[in-house]
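Below is one structure, written out as structure tokens, with a few remarks after it.
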Amino acid sequence: MLLDLEADTNAPEAAKPLIATPAMDYGGAISPNGEWLAYNSLESGSGEILIEKFPERGQKTRVWSGSNSPVWSPDGRELYFMVPSAGGDGAHDVMAARVEAAPTLRVGEPRRLFSGFFASGSDMGPTVALTPDGRRFLMVRSRPGAPVSGAYTNHARRLIVVQNWFAELRRSRSEDAR
């Protein structure tokens, strides 16, 4: 859905469908410059990532089939996504595709960055994020051998966040030195 923030938000026309196909379309990610929308679509019958102009939409550019979780790099020059690894053991490959927007949209051949056991395609919502500087990924790990996609029960059930870990490390070292 697309919400017009300048309209009366209580008016029915303030919110309208952004993508309205008979298929399942989900996981949209707007580029950092606000001009492009990458999303997952089942419109063709198989899962694929598409990019379209935003918000006017139009021509769809296919990035990859059989993938999900599109995430833009902070500069908008790459699109990252996950695909099931070839081994069928539940691992995923994290891929990167170069994106050139001018003068027309062009997407380069995706390349594999790294592999691992990461949650993808579940009912958890987004399972991958990128730090603002684009140097690190934050991902939800899955158990080795877990299905490539599926319900939340196949993946991590808790998230542990450690804050101020440098201070904790220094405190721990000073206690060990005693």
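The values are calculated or read from the model by the stated rules, or taken from the named source; none is laboratory data. If you're wondering where the values come from, they're calculated on a predicted model, not measured in any experiment. No Cβ is skipped: glycine too gets one built from the backbone with ideal geometry, and neighbour counts run over all protein chains shown.
If you take the residues in segment 1-60 that are assigned to a loop (DSSP other than H, G, I, E, B) and of a type in the set (D, E, K, R), which one is farthest from the chain's Cα centre (by Cα)?
Looking only at segment 1-60, we keep the residues that are assigned to a loop (DSSP other than H, G, I, E, B), and these are 1, 4-11, 17-24, 31-35, 42-47, 54-60.
Cutting the leftovers down to of a type in the set (D, E, K, R) gives us 4, 6, 8, 35, 43, 56-57, 60.
Working: ASP4: 24, GLU6: 28, ASP8: 31, GLU35: 17, GLU43: 19, GLU56: 22, ARG57: 20, LYS60: 18 Å.
That would be ASP8.
Output yes when any residue across segment 16-36 is among the charged types (D, E, K, R), at pLDDT 90 or above and out of contact with any Pro (no Cβ under 6 Å at 6 or more places or on another chain), and no when none is.
Within segment 16-36, one or more residues are among the charged types (D, E, K, R), at pLDDT 90 or above and out of contact with any Pro (no Cβ under 6 Å at 6 or more places or on another chain).
(1) touching a Leu at 6+ places or on another chain (Cβ under 9 Å); (2) within 27 Å of PHE118 (Cα to Cα): which one isn't true of LYS16, the others all being true?
(2)
With the requirement that a residue be surrounded by 15 or more Cβ atoms within 10 Å (Cβ to Cβ) and in a loop (DSSP other than H, G, I, E, B), what does segment 85-125 give you?
Residues of segment 85-125 that are surrounded by 15 or more Cβ atoms within 10 Å (Cβ to Cβ), as a first pass: 85, 90-97, 99, 101, 105, 107, 110, 115-122.
Residues satisfying the conditions are SER85, GLY90, ALA91, ALA101, LEU105, PRO110, PHE117, ALA119, SER120, GLY121, SER122.
Is it the case that segment 82-89 has a residue that's under 19 Å from LEU130 (Cβ atoms) and in contact with a Leu (Cβ under 8 Å, 6 or more places away or on another chain)? Give the derivation first.
Looking only at segment 82-89, we keep the residues that are under 19 Å from LEU130 (Cβ atoms), and these are 82-83.
From what is left, the residues that are in contact with a Leu (Cβ under 8 Å, 6 or more places away or on another chain) are none.
There is no residue in segment 82-89 that is under 19 Å from LEU130 (Cβ atoms) and in contact with a Leu (Cβ under 8 Å, 6 or more places away or on another chain).
Can you tell me which residue among ARG171, ARG112, ARG136 is at pLDDT 80 or above and more than 24 Å from PRO32 (Cα to Cα)?
None of the other options fit; the residue is ARG171.
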